[in-house]
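Report on the following structure.
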Amino acid sequence: MKDSIKTIAFDADDTLWVNEPYFQEAEKQFCTLLENYLPQHSVSQELFKTEMKNLHLYGYGVKGFVLCMVETASRISNRTASLELIDKIIAIGQELLQKPIELLQGVPETLEQLKGRFRLIVATKGDLLDQGRKLRNSGLESYFHHIEIMSDKKVSDYQKLLKHLECKPENFLMLGNSIKSDILPVLELGGYGGHIPYHVTWTHEQHEYNLKHDNFMELKSIDSILNYL
C-alpha cells in the first residue's frame, strides 16, 4: 500500500477534533426543555425521526439540527410551544456554533509526519460556514492541499472528489471515524480506508458488522496510520 498511496483524506468531526459529544450535550439540553411534554428518551427518539426525515433537505450540521429541534418541539407540544422555548432552542444551537476546537490526541503530530510525503486533504460533511470556521480555528489549515465540504459521502460524492483531485481510487486513502460514510464508499471505488474509532458515534453513522477487506485498516488512533505508510 505504501507505494500506491498519493493522497490521504481526513474526515474532520471526531477524527481531527471533538464534535459528537457537543451534539449529544445539546440534545440532552433540548430533551430537558421538552420533558413536560414527553419523557426525555421519547423526545430524543422524536428528534431523531425529524432529523432523518429532513436529512435530504438540510444535510448535516448545526443549522439543520436547530431546525429539527424547533420542528420536533412544535410537534411534541401540539403546536403550543412558546416563543420563549423557541428562543432557548436557538440559544442551544448558537452555543454549539461557538464551541472551542478541541483537537484529538496525536492529530498535529501525525499531520506533521505526513506533510510533504503525501497530498493531504480534508473531506468532511457539514455546514460550509461552520466547518470552515472550525478548520481555521483548529490551526491545522496549513497542512491541507484541499478542503472538501461534502453534502453527503456516498460513492458518487467520492467519485466527484477524486475526479476533481485527478486522483485514481488506488492512490487514495480515506481516514475517518465512520465506517458507513468514510470507509465503505471508498472501498467500493477501489480505494483504501482506515477506520479510527471514536467513543461516541451518531446513531445514523453507526455500523454493526465487522468489516473485512484487503484495502481496509482498523486503527487504534490516528497516529497508527504511520505504521502502514
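The values are calculated or read from the model by the stated rules, or taken from the named source; none is laboratory data. Predicted model only: the values in this text are computed from it and were never measured. Cβ coordinates were reconstructed from backbone atoms using ideal geometry, including for glycine residues, and neighbour counts include every protein chain displayed.
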*Selection within the stretch 153-183 - hydrophobic (A, V, I, L, M, F, W, C), under 19 Å from I225 (Cβ atoms) and crowded, with 20+ Cβ neighbours inside 10 Å*: F172, L173, M174, L175, I179, I183
*Residue count for the stretch 60-109, restricted to those that are in contact with a strand residue (DSSP E or B) (Cβ under 7 Å, 6 or more places away or on another chain) and surrounded by 13 or more Cβ atoms within 10 Å (Cβ to Cβ)*: 4
*Neighbours by Cβ (under 6 Å, 6+ apart or cross-chain): first from the stretch 95-116, acidic (D, E); second part of a loop (DSSP other than H, G, I, E, B)*: E102/V18
*Those residues of the stretch 24-45 which are farther than 15 Å from L85 by Cβ and either of a type outside the set (G, A, S) or surrounded by fewer than 18 Cβ atoms within 10 Å (Cβ to Cβ) (or both), in sequence order*: Q24, E25, E27, K28, P39, Q40, H41, S42, Q45
*Looking at the stretch 109-130, which of its residues are assigned to a helix (DSSP H, G or I), in contact with a helix residue (DSSP H, G or I) (Cβ under 8 Å, 6 or more places away or on another chain) and either basic (K, R) or within 30 Å of F65 (Cα to Cα) (or both)?*
D130
_Among the residues that make up the stretch 104-120, is at least one of them closer than 24 Å to H56 by Cα and touching a Leu at 6+ places or on another chain (Cβ under 9 Å)?_
no
_Given the options K63, K49, name the one that is modelled with pLDDT under 95, out of contact with any helix residue (DSSP H, G or I) (no Cβ under 6 Å at 6 or more places or on another chain) and in a helix (DSSP H, G or I)._
K63
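Can you tell me which residue in the stretch 1-46 is modelled with the lowest pLDDT, limited to those that are part of a loop (DSSP other than H, G, I, E, B) and of a type in the set (K, R)?
Looking only at the stretch 1-46, we keep the residues that are part of a loop (DSSP other than H, G, I, E, B), and these are 1-6, 11-12, 14-16, 18-19, 34-39.
Those left that are additionally of a type in the set (K, R): 2, 6.
Numbers: K2: 62, K6: 96.
Among residues in the stretch 1-46 that are part of a loop (DSSP other than H, G, I, E, B) and of a type in the set (K, R), the one modelled with the lowest pLDDT is K2.
Looking only at the stretch 124-140, decide whether some residue is in the same structural domain as N210 (by TED's automatic domain parsing) and under 15 Å from I225 (Cβ atoms).
No; the residues of the stretch 124-140 include none that is in the same structural domain as N210 (by TED's automatic domain parsing) and under 15 Å from I225 (Cβ atoms).
Considering only the stretch 148-167, state which residues are of a type in the set (A, V, I, L, M, F, W, C) and part of a helix (DSSP H, G or I).
Start the filter on the stretch 148-167 by keeping residues that are of a type in the set (A, V, I, L, M, F, W, C), which leaves 149-150, 155, 161-162, 165, 167.
The answer is V155, L161, L162, L165.
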_Unmet requirement for V18, which otherwise passes all of (1) within 29 Å of M174 (Cβ to Cβ); (2) surrounded by fewer than 15 Cβ atoms within 10 Å (Cβ to Cβ)_ = (2)
